[in-house]
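Q: There's a structure below that I have some questions on.
The values are calculated or read from the model by the stated rules, or taken from the named source; none is laboratory data. Quick caveat, the model's predicted, so the values are computed rather than measured. FYI the Cβ positions are ideal-geometry reconstructions off the backbone, even for glycines, and counts take in every protein chain you see.
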Amino acid sequence: MLELKNVTITLQKDTRRIIDNFSFTLGRKDKAVIIGEEGNGKSTVLKFIYNKCLIDGYCEYTGDVITRGKMAYLPQIMDERYYETSLLQFFEASEYYMHTDILAKLGLSIDFIVSEQRLGTLSGGERVKVQLARLLMERPDILLLDEPTNDLDIEALQWLESFIKNSELPIIYISHDEILIENTANVIVHMEQIIRKTKSRISVARCSYREYLSFRQNNFEHQSQIAQKQRDDYDNQMEKWRQIYNRVEHDQRAITRQDPGGARLLKKKMRTVISMGKRFEREKENFIDFPQREDAILTKFDESISLPYGKTVLDFSLDNLQIGERVLSKNIKLFVRGNEKITIIGGNGVGKTTLLALIWNELKNRRDITAAYMPQNYCEVLDYSKTPVEYLVENYSKSQVTKARTYMGSMKFTHEEMTGRIGDLSGGQRAKILFLDMVLKGADVLLLDEPTRNFSPLSGPVVRAALKSFGGAVISVSHDRKYLNEVSDRIYKLSESGLSGIDGGIV
């Protein structure tokens, strides 16, 4: 069991509260997902629950966390201190030989985890798998998972989904994978920053994600209708009142001194009319407010971007895909033309990211297209010491700064976030900067490595719609099943023998 009592967490840099006097209980078999837009503090809350010391450097907090049993925590990003650690050292205290079932389910072999390979050389998905495996070997009573689906291949993702759904353990997790949330969560914890991020609001619903979205929309529309009807009725009342007031006022001016009785009656009538107006004003003070909610981001590419159907965007062939002396795949061929949306899937460590980087090197200097690249590791293209505005000013003329600020506003950036260090932003906010970069550049060919992994489940549909309607070509690596089904025209699986096409969508 896990209980939060009257928890308030405030960011030190801007005194913004991310949660305010929040209480919550995670019970047996609860599968609670924390959702919310990028930068709302979801990871901070999970760190606080696990160990308050993890947020000491940038937050102030009050309230208590009460737990019964052992908690295990999977961070969003592996601590870089482990990068030089070998797999054998990482697992040596875990009695891994007693947990071959866990290893098998995650697709990890004994030979792999007793090797001297350093964790820093693993793919993103492999790092998630080995951390998750070690956590499960500890037999925890409560699981805290921060983006456990990041970089997992389809098979591991489906296993994780089944594990969360069927586990007896209470689990609280953060995920941007909408299908996983739809299939596993029975508690929704929604963190919002409303009124231009000046007020925090957190809602808890003990239902499925789809039920929550439906309830949220219906409730929003119902409250909006009531608020609007109150104001419409008030306007109608006040219009009638003004007509009565004007008529009585006119009669008062027109009455003669020879009719003092009529004047007294009109004066009394005017007092009644004024009293009625004051009553209407008092009633207005009790109107319900229009409901506030934090909407999804707004983003789209220029509608004028278009590539001719017959234009060759990529004609790529490679005998050996390798890292150093290690050959990952052979006989790779990929042809892309026009505005096709191509997505590459495959097991962790098979070389998808390496392949996309090679394709980028081939396309980035082409003059007949404008290519843009969103790598898996954003630091390859973003200077974390700069502000978003500085980064965009460096790449574009100053006349576009206003446009960039407008776009960042539509992507829910505050002024402080626009002018603060990129390194202080969340992964989702950094992803937004890269999307804005591609929009401002007017790119007509996008190379995207896991483009949706850091966008909230509420913003995911917006990003997918923008990419689906994009008039240029998209070559991407993704394990996001909604993305694969909604955006991709063709899906290829990378294996040791090369790229092979997949018919139909991904379930």
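Q: Mind checking which residues of the stretch 383-431 are closer than 21 Å to ASN40 by Cα, modelled with pLDDT under 85 and β-branched (Val, Ile, Thr)?
A: THR406, THR414
Q: Scan the stretch 367-382 and report the pairs whose first residue is at pLDDT below 95 and whose second residue is polar (S, T, N, Q), with Cβ atoms within less than 7 Å and a gap of 6+ or a chain change.
A: Matching pairs, first to second residue: GLN376/THR353.
Q: Ok, one more. May I ask you to list pairs of residues, at least six apart or on different chains, whose Cβ atoms are under 6 Å apart, with the first in the stretch 76-95 being at negative phi and among the hydrophobic types (A, V, I, L, M, F, W, C) and the second being surrounded by 13 or more Cβ atoms within 10 Å (Cβ to Cβ) and outside any loop (DSSP other than H, G, I, E, B)?
A: Every condition considered, the pairs that remain are MET78/ARG127; LEU87/ILE113; PHE91/ILE113.
To keep it simple, each residue is scored yes or no on (1) hydrophobic (A, V, I, L, M, F, W, C); (2) closer than 18 Å to VAL477 by Cα; (3) part of a helix (DSSP H, G or I).
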{"position": "LEU108", "(1), (2), (3)": "yes, no, no"}
{"position": "GLU116", "(1), (2), (3)": "no, no, no"}
{"position": "GLY120", "(1), (2), (3)": "no, no, yes"}
{"position": "VAL128", "(1), (2), (3)": "yes, yes, yes"}
{"position": "ALA133", "(1), (2), (3)": "yes, no, yes"}
{"position": "LEU136", "(1), (2), (3)": "yes, no, yes"}
{"position": "LEU145", "(1), (2), (3)": "yes, no, no"}
{"position": "THR149", "(1), (2), (3)": "no, yes, no"}
{"position": "GLU155", "(1), (2), (3)": "no, yes, yes"}
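Q: Right, here's the next one. Within the stretch 33-63, count every residue that is basic (Lys, Arg) and over 18 Å from LEU425 (Cβ atoms).
A: 1
Q: Need pairs with beta-carbon distance below 7 Å; first residue part of a loop (DSSP other than H, G, I, E, B) and within the stretch 56-69, second of a type in the set (A, V, I, L, M, F, W, C); sequence gap 6+ or separate chains.
A: TYR58/LEU11; ARG68/MET1; GLY69/ILE142
Q: Please list, ordered by first then second residue, the pairs with beta carbon atoms under 7 Å, 6 or more apart or interchain, first in the stretch 157-177 and closer than 21 Å to GLU38 by Cα and among the acidic types (Asp, Glu), second surrounded by 19 or more Cβ atoms within 10 Å (Cβ to Cβ) and modelled with pLDDT of 90 or more.
A: Matching pairs, first to second residue: ASP177/ASP480.
Okay, residues lined up against (1) in contact (Cβ under 8 Å) with a residue 12 or more places away in the chain; (2) surrounded by 17 or more Cβ atoms within 10 Å (Cβ to Cβ); (3) of a type in the set (Asp, Glu):
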residue	(1), (2), (3)
LYS398	no, no, no
VAL401	yes, no, no
TYR407	yes, yes, no
ILE422	yes, yes, no
LEU425	yes, yes, no
ILE433	yes, yes, no
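Q: Which condition number in (1) closer than 27 Å to ARG367 by Cα; (2) of a type outside the set (Phe, Trp, Tyr); (3) not in a strand (DSSP E or B) is the one that VAL474 fails?
A: Looking at each condition in turn, VAL474 falls short on (3).
Q: Here's another thing I want to ask about it. Looking only at residues in the stretch 12-48 that are touching a helix residue (DSSP H, G or I) at 6+ places or on another chain (Cβ under 8 Å) and assigned to a strand (DSSP E or B), which one is surrounded by the most Cβ atoms within 10 Å (Cβ to Cβ)?
A: Only one residue fits best here, namely VAL33.
Q: Can you work out which of the residues in the stretch 163-203 that are assigned to a loop (DSSP other than H, G, I, E, B) and within 18 Å of the chain's Cα centre (by Cα) is surrounded by the fewest Cβ atoms within 10 Å (Cβ to Cβ)?
A: Selected residue: ARG196.
Q: Would you mind finding the one in ARG118, ARG127 that is among the charged types (D, E, K, R) and over 29 Å from the mean Cα position of the chain (by Cα)?
A: ARG118
Q: Separate question: So LYS330 ticks every box in (1) of a type in the set (D, E, K, R); (2) over 30 Å from GLN117 (Cα atoms); (3) in contact (Cβ under 8 Å) with a residue 24 or more places away in the chain but one. Which box is left unticked?
A: Failed condition: (2).
Q: Checking ALA296 against (1) among the small types (Gly, Ala, Ser); (2) at pLDDT 85 or above; (3) not assigned by TED's automatic domain parsing to the domain that holds VAL439, which test does it fail?
A: With respect to (1) among the small types (Gly, Ala, Ser); (2) at pLDDT 85 or above; (3) not assigned by TED's automatic domain parsing to the domain that holds VAL439, ALA296 is out only on (2).
Q: Anything in the stretch 204-229 that is modelled with pLDDT of 75 or more and surrounded by 15 or more Cβ atoms within 10 Å (Cβ to Cβ)? List them, or say none.
A: ALA205, SER208, TYR209, TYR212, LEU213, ARG216
Q: Okay, moving on. Check whether at least one residue in the stretch 358-381 is assigned by TED's automatic domain parsing to the domain that holds LYS432, touching a Pro at 6+ places or on another chain (Cβ under 8 Å) and assigned to a strand (DSSP E or B), and report yes or no.
A: Yes, some residue in the stretch 358-381 is assigned by TED's automatic domain parsing to the domain that holds LYS432, touching a Pro at 6+ places or on another chain (Cβ under 8 Å) and assigned to a strand (DSSP E or B).
Q: Which number in (1) more than 24 Å from the chain's Cα centre (by Cα); (2) among the aromatic types (Phe, Trp, Tyr); (3) at pLDDT 90 or above marks the one condition that TYR96 misses?
A: All conditions are met except number (3).
Q: Follow-up. Would you mind telling me which numbered condition in (1) at pLDDT below 85; (2) assigned to a loop (DSSP other than H, G, I, E, B) THR452 fails?
A: Tallying (1) at pLDDT below 85; (2) assigned to a loop (DSSP other than H, G, I, E, B), THR452 fails exactly one: (1).
Q: Consider ALA443 against the criteria (1) modelled with pLDDT under 90; (2) among the aliphatic types (A, V, I, L, M); (3) part of a loop (DSSP other than H, G, I, E, B): it satisfies all of them except one. Which criterion is unmet?
A: (1)
Q: Also, quick follow-up: Among the basic types (Lys, Arg), more than 20 Å from GLU168 (Cβ to Cβ) and surrounded by fewer than 19 Cβ atoms within 10 Å (Cβ to Cβ): is that true of LYS5 in this structure?
A: The answer is yes for LYS5.
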